[in-house]
Every structure is written in C-alpha cells, then in structure tokens.
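Structure record follows, encoded as structure tokens.
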C-alpha cells in the first residue's frame, strides 16, 4: 500500500532541493569568482537552512524523536563521526542531532566517489557539503591525521 506521507515527504524534499538550488544558491554563483571565502560562508549557511526542512518533516510528519546518548559534542572542537549504515537513509537522522547543537552549517560528509557521477545529485552535492572520495583515500587521510 502506498504511504501518502512518504510520497509527500519525497516530493517536498525533491522540489525543495530543486528550487532551493536555483533560487537560494544560484544568485550567489558570481560570488564564487569574486570572493570564494564569502561564497563558501554564505553557501554553508544556506545549505544548513535547507537541511532544517528534512528534520522538520521527519519530526512533524512521522513523529521521529531523537535521543542523543554517548559523548557530547564539545563546542569549537572538530569531530569525526563514522557511520556504519544499516539503511540507505539513516544518515538523515544525523541532521536531527546536529541541528540540536547548531552544527548543520559546518557538517561535511564524505561519499563514495562514484556518486559524483549521478546526474543532478553529483553537481548539487559538490556545491553543498558532500565530498566524494574513494573509501581508501578517506581511511588513509584519517590514518595520517591520527598517527602523524
């Protein structure tokens, strides 16, 4: 049976990301050539603003409650969160946690490099906060950061 809430959720995210990338991120493209640091600063905040939409939809439509346990985030300290995905969409629940601590604007996500070639999503992810890399490169960089 089709879940109308699920269809509404997917369509809202799709159209929100489509029009958001055109009308929110598009006008600041010239700034990328004029002053790249300002562009990145504005872009990070706009993407973080958009990321509140999935969080709001998950919590209001589906009644998702987030319980945060374990080590707390230390303000001003950099953190690496490594997730072993049990489902394809479980990383969306991380946004609920990060929104509580105001870390949505500084979040960076490493994806498989092959996902950069997906039409539409690949370019949007490059402009946003998703970084596509081979898994070997990610582990090598983490190893070097930790040991050297």
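Laboratory data are not the source of any read-out in this text; all were calculated from the coordinates shown. None of the values given here were measured: they were computed from a predicted structure. For neighbour counting, all protein chains shown are included, and Cβ atoms are generated from backbone atoms with ideal geometry for every residue, glycine included.
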Quote the Stokes-Einstein diffusion coefficient, in whole µm² s⁻¹, for region 28-68, based on the Kirkwood radius over alpha carbon pairs, a temperature of 25 °C and a viscosity of 0.890 mPa s.
204 µm²/s
Fewest-first ordering of 77, 59 by Cβ atoms within 10 Å yields 77, 59
Let me know the whole percent of all Cα-Cα pairs from region 4-107 that are separated by more than 20 Å.
50 percent
Which of the peptides 28-38, 8-18 is most tightly packed, and how do the rest follow, judged by the mean count of other Cβ atoms within 10 Å per residue?
8-18, 28-38
